Amino acid sequence: RGMRRCSPKYKVVGKVQGHLTHLLCHSPEPSEEDDIDEEVDEEEEVRPESLSSEELEKLKEAVDERKKLIQALRGKPWPIKKKCVILRESQEFVEKYEGALGKGKGRKLYAYKVLMSKKWMKFQRDFENFKTACIPWEMKIKEIESHFGSSVASYFIFLRWMYGINMILFCLTFGLVMVPEALMGRPYGTIPRKTVPRAEATSAMDFAVLWDFGGYAQYSVLFYGYYNNQRAVGWLKFRMPLSYFLVGVGTVAYSYMVVIRTMARNANESGVGDDNSFNFNWRMFTSWDYLIGNPETADNKFASITTSFKEAILEEQESQKDDNIHLTRFLRVLANFLVLCCLAGSGYLIYFVVRRSQKFSQRDSNIEKEIHVNMVMSLLGMFCPMLFDVISALENYHPRVALQWQLGRIFALFLGNLYTFIIALMDEINLKREEENIIKFNITVWEASLFNGTVSVNSTAPPVTIEPADVPRGPCWETMVGQEFVRLIISDTMTTYITLLIGDFLRAVLVRFLNYCWCWDLEAGFPSYSEFDVSGNVLGLIFNQGMIWMGAFYAPCLPALNVLRLHVSMYLQCWAVMCCNVPQERVFKASGSNNFYMAMLLVILFLSTLPAIYTIVTIPPSFDCGPFSGKQRMFDVIQETLESDFPAWFGKVFSYASNPGLVLPFMLLMVLAIYYLQSTSKSYKEANMELKKKLQTVVQNMFPPLVQQSCFNVYF
Amino acid sequence: MGTTASQLGKDLLSEYQELTFLTKQEILLAYKRFSELLGKDEKDVLHERVPMDRILTLPELKSNPFRKRICYVFSTSDSKNGSLTFEDFLDLLSAFSDSATMEIKSHYAFRIFDFDDDGTLDCGDLEKLVNCLTGETDETKLTAEEMRQLISNILEESDIDKDGTVNLSEFQHVISRSPDFVSSFKIVL
């Protein structure tokens with residue numbers, strides 16, 4: 001009975017196979033010669049003891065094949081009905097014979113494992129569903145995509161991604177820095193650094209002062225100066241200064257990780273270089289955006305595709321013609337020279353305004369000073385790009401190349417402005433530090449005067465209690481830096497929103513209603529409705545993030561502020577785009593620029609963490625405010641932690657590891673590794689090209705057209 | 001979603017999730033939208049076949065130049081009239097969904113572009129394709145000379161075996177290198 005009764009399983013395999021062979025690309029193991037007439041649905045129990053191990057193996061293989069098929073069904077281009085049939089049959093087969101596979105006692109364990117893996121798959125699927133349901137603003141973005149195409153939508157997707165990053169940064173700073181200090185640190189008013197000075201107490205609650213982040217806002221967890229330098233706070237013995245330092249480092253590290261991971265993923269998806277080898281094919285097959293659901297956008301898309309075809313054909317024909325190259329080169333050099341002049345001019349202007357505002361800092365209030373600097377920066381940010389646009393008309397580049405040059409120049413402009421601002425800030429920091437020395441001297445004098453001149457070492461006089469508000473304060477330069485950045489962000493935000501309302505909304509209202517009584521057609525002619533400036537907005541977002549990264553160490557409230565700002569921006573800009581903008585006439589694919597924007601973000605991340613790192617490493621912290629007060633350098637907190645909180649051998653290991661004799665060879669090794677990986681990737685690329693050429697020549701030499709895949713069978 | 005969810009059985013729902021790239025919410029949304037397309041007397045959402053002109057009223061398909069071809073390709077009707085059942089509709093959404101693989105998308109894209117259904121993209125197919133892409137009006141159409149130039153450039157780039165047509169494997173070879181294809185070949189309800 002044993003050997004013959006094995007056949008039902010092979011029959012099942014055979015029958016299922018015979019049914020499926022003409023559909024599958026590969027066939028599992030060959031069927032035995034057996035009675036195909038026999039009923040498949042025999043409820044014969046295949047007892048495991050009746051099978052030899054070889055047959056068991058084959059049965060197991062068959063079951064595994066079925067399982068793989070079930071997994072792969074999704075990716076097969078068949079109609080659902082066909083897939084349903086195959087799925088049900090395969091599932092029946094697997095269920096019927098899977099249980100039979102476990103031998104004896106092991107059968108229960110096997111069945112249990114199978115059950116668990118099914119439950120796990122179901123859980124995974126539910127979790128995926130849950131994750132996609134959690135993504136915010138999906139419907140909004142989809143609506144924008146259908147009206148404006150994927151390039152405008154890519155800005156909003158980028159905004160959403162930034163929101164995610166800022167949310168994580170906010171959780172880090174809020175949970176590990178602000179909340180512990182607020183809950184477990186000493187409360188407001190107990191020590192000098194946490195109290196509003198007597199002189200400012202009357203105006204501390206004024207709206208004007210609060211809006212400028214002075215008064216009560218300044219002496220709170222929002223800024224660096226409030227934090228106490230006590231090593232461990234509360235019953236948890238929470239290491240506050242260490243946490244502050246590590247969160248600062250952690251935000252930067254996390255940002256690097258996320259940006260680089262996204263860049264790598266984008267690079268993977270976009271495939272190997274090959275930008276121009278399939279130019280016409282891509283324009284033909286991939287230019288239509290299937291998300292467009294709006295007739296007006298569709299018409300624009302048609303026009304843009306036609307233009308791109310005609311341009312491509314023309315370019316192909318004219319690629320040999322190359323007259324007037326000297327004139328073109330001269331014009332390009334001239335244009336770059338003009339742009340450099342603009343950049344230099346704008347940098348000098350900002351420096352001049354900041355210095356001027358410092359000189360008159362006694363006369364003008366803080367607010368007016370800020371308005372000067374930020375107004376100048378915002379105006380420059382608005383008008384210089386237009387100027388660059390006009391200058392680029394001299395250059396006569398292909399539109400996509402011109403766009404990249406434009407983006408590069410605006411990037412340089414913003415960067416120059418930011419760094420000028422920082423240099424001005426550095427000057428202020430130095431001023432404050434000099435002031436600090438004077439105040440330190442004054443404090444010793446003041447303390448001496450409290451004891452009426454009797455300053456002896458073994459003094460038994462009771463300590464005089466002083467109100468914290470009366471103690472003379474040092475000028476806390478870190479809080480000043482934090483405040484500057486917060487003010488910059490706020491005024492930048494305000495400028496953006498006001499430009500949006502005036503430039504887009506007011507313009508749209510005027511065009512719409514004045515059109516009834518105007519001589520020429522406002523909608524088609526001069527002002528018309530504005531288009532959504534994707535690249536300008538993306539750059540604004542990137543620079544905004546750069547400022548957050550720069551200032552987050554000195555003002556822990558910045559990520560929270562940014563989360564709020566992005567949230568509001570999302571709703572405001574979604575509304576503005578749907579209400580006031582028209583679809584772009586020249587539509588550029590967003591995907592090619594994706595890595596371009598990520599690269600810019602990476603550069604900004606690097607450049608904005610440089611100043612913060614410089615100040616942390618070189619400038620000694622203020623003596624009376626912040627979590628590092630009293631230390632020589634801010635990173636001394638790490639040394640202190642190693643000495644007091646970790647066992648002695650750990651400190652030794654760490655000191656060996658940070659020995660320059662070890663660090664330098666390690667860095668050398670990394671440089672060599674990079675060089676090696678670079679050269680192997682180059683050789684892979686070359687091998688790739690060789691194979692491609694070989695493929696072409698081999699195919700051309702063969703006579704009948706090469707039938708390369710059996711998927712034809714599926715198609716027919 | 002209460003009543004519709006109970007009309008689409010749990011088993012069927014999990015089977016569809018297994019067989020397509022759609023999530024549970026997407027399938028339920030598709031069910032809702034499909035049942036809105038049905039007439040008053042057609043109650044059986046799962047088995048009813050909706051004619052092509054009603055499918056083309058969907059806003060996602062209305063402005064698409066390839067809408068008719070899409071219906072023909074995904075239709076399983078015997079009379080090849082482009083009518084879709086609910087399962088065909090799910091097939092359509094699955095192939096155009098965000099998580100569908102490059103292979104599936106390129107396979108279906110090839111079938112959509114193959115206007116005469118002969119398994120290759122020859123000059124006639126390419127010409128019709130270009131005309132679809134450049135719109136209906138005369139001002140946006142390409143001249144005959146430009147058309148000829150364009151088609152010869154395309155064949156030069158992608159026709160490896162030089163038989164004058166683009167077959168599925170050549171098409172997939174070209175498409176797999178494109179950075180835009182997966183993100184533009186997408187329809188979301």
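Summary table
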{"quantity": "Restricting segment B:57-88 to residues that are open to solvent by 20 Å² or more (accessible area, probe 1.4 Å), farther than 24 Å from residue A:139 by Cα and among the hydroxyl-bearing types (Ser, Thr, Tyr), the residue that is nearest to the other protein chains (Cβ to nearest Cβ)", "calculated": "B:76"}
{"quantity": "Number of positions in segment B:40-52 that are open to solvent by less than 30 Å² (accessible area, probe 1.4 Å) and either within 11 Å of chain A (Cβ to nearest Cβ) or part of a loop (DSSP other than H, G, I, E, B) (or both)", "calculated": "1"}
{"quantity": "Top-ranked residue in segment A:226-248 [being farther than 20 Å from residue A:625 by Cα and not aromatic (Phe, Trp, Tyr); ranked as most open to solvent (accessible area, probe 1.4 Å)]", "calculated": "A:237"}
{"quantity": "Among the residues listed as B:150, B:126, the single one being open to solvent by less than 10 Å² (accessible area, probe 1.4 Å) and more than 7 Å from chain A (Cβ to nearest Cβ)", "calculated": "B:126"}
{"quantity": "Qualifying residue in segment B:93-103 (condition: of a type in the set (Ser, Thr, Tyr) and within 13 Å of the chain's Cα centre (by Cα))", "calculated": "yes"}
{"quantity": "Qualifying residue in segment A:556-576 (condition: under 25 Å from the mean Cα position of the chain (by Cα), of a type in the set (Val, Ile, Thr) and within 17 Å of residue A:497 (Cβ to Cβ))", "calculated": "yes"}
{"quantity": "Residue in segment B:22-36 that is more than 12 Å from chain A (Cβ to nearest Cβ) and farther than 29 Å from residue A:296 by Cβ present", "calculated": "yes"}
{"quantity": "Any hit, segment A:154-170, residues being touching a residue at least 24 places away in the same chain (Cβ under 8 Å), over 19 Å from residue A:574 (Cβ atoms) and of a type in the set (Val, Ile, Thr)", "calculated": "yes"}
{"quantity": "Test result for residue B:121, surrounded by 15 or more Cβ atoms within 10 Å (Cβ to Cβ) and under 17 Å from the mean Cα position of the chain (by Cα)", "calculated": "yes"}
{"quantity": "Matching residues in segment B:98-129 - criterion: being within 12 Å of residue B:165 (Cβ to Cβ) and of a type in the set (S, T, N, Q)", "calculated": "B:120"}
{"quantity": "Selected residue (criterion: nearest to residue A:595 (Cα to Cα)) from residues of segment B:170-189 that are at the interface with another protein chain (Cβ under 8 Å from one of its Cβ atoms) and open to solvent by 20 Å² or more (accessible area, probe 1.4 Å)", "calculated": "B:179"}
{"quantity": "Hits in segment A:154-208 (condition: of a type in the set (A, V, I, L, M) and either open to solvent by less than 40 Å² (accessible area, probe 1.4 Å) or under 13 Å from residue A:566 (Cα atoms) (or both))", "calculated": "A:157, A:159, A:162, A:165, A:167, A:169, A:177, A:178, A:191, A:196, A:204"}
{"quantity": "Lone qualifier among A:509, A:577 - being modelled with pLDDT of 80 or more, farther than 30 Å from residue A:481 by Cβ and buried (at least 19 other Cβ atoms within 10 Å of the Cβ)", "calculated": "A:577"}
{"quantity": "Yes/no for residue A:260 being modelled with pLDDT of 80 or more and exposed (fewer than 14 other Cβ atoms within 10 Å of the Cβ)", "calculated": "yes"}
{"quantity": "Qualifying residues in segment B:155-169 (those that are in a helix (DSSP H, G or I) and more than 7 Å from chain A (Cβ to nearest Cβ)) - the one surrounded by the most Cβ atoms within 10 Å (Cβ to Cβ)", "calculated": "B:155"}
{"quantity": "Filter pass, residue A:145 being open to solvent by 70 Å² or more (accessible area, probe 1.4 Å) and not β-branched (Val, Ile, Thr)", "calculated": "no"}
{"quantity": "Residue, surrounded by the fewest Cβ atoms within 10 Å (Cβ to Cβ), within segment A:382-418, restricted to residues that are without any contact (Cβ under 8 Å) to a residue 60 or more places away in the chain and within 26 Å of residue A:484 (Cα to Cα)", "calculated": "A:383"}
{"quantity": "Selection count, segment A:624-649, where residues are open to solvent by 60 Å² or more (accessible area, probe 1.4 Å) and in a loop (DSSP other than H, G, I, E, B)", "calculated": "6"}
{"quantity": "Test: residue in segment A:320-338 that is out of contact with any Cys (no Cβ under 7 Å at 6 or more places or on another chain), facing chain B (nearest Cβ under 10 Å) and at pLDDT below 75", "calculated": "no"}
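Condition check ((1) modelled with pLDDT of 85 or more; (2) hydroxyl-bearing (Ser, Thr, Tyr); (3) open to solvent by less than 50 Å² (accessible area, probe 1.4 Å); (4) within 27 Å of residue A:615 (Cβ to Cβ)) across all residues:
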{"site": "A:457", "(1), (2), (3), (4)": "no, no, no, no"}
{"site": "A:464", "(1), (2), (3), (4)": "no, no, no, no"}
{"site": "A:473", "(1), (2), (3), (4)": "no, no, yes, yes"}
{"site": "A:480", "(1), (2), (3), (4)": "yes, no, yes, yes"}
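The values are calculated or read from the model by the stated rules, or taken from the named source; none is laboratory data. Here the structure is a predicted model, which means the values were calculated and not measured. Quick reminder, even Gly has a Cβ in these numbers, built from the backbone with ideal geometry, and neighbours come from all protein chains shown. For the accessible areas, the whole protein counts, side chains as well, though only heavy atoms, and no ligand, DNA or RNA atoms are used. Shrake-Rupley method; radii C 1.70, N 1.55, O 1.52, S 1.80 Å.
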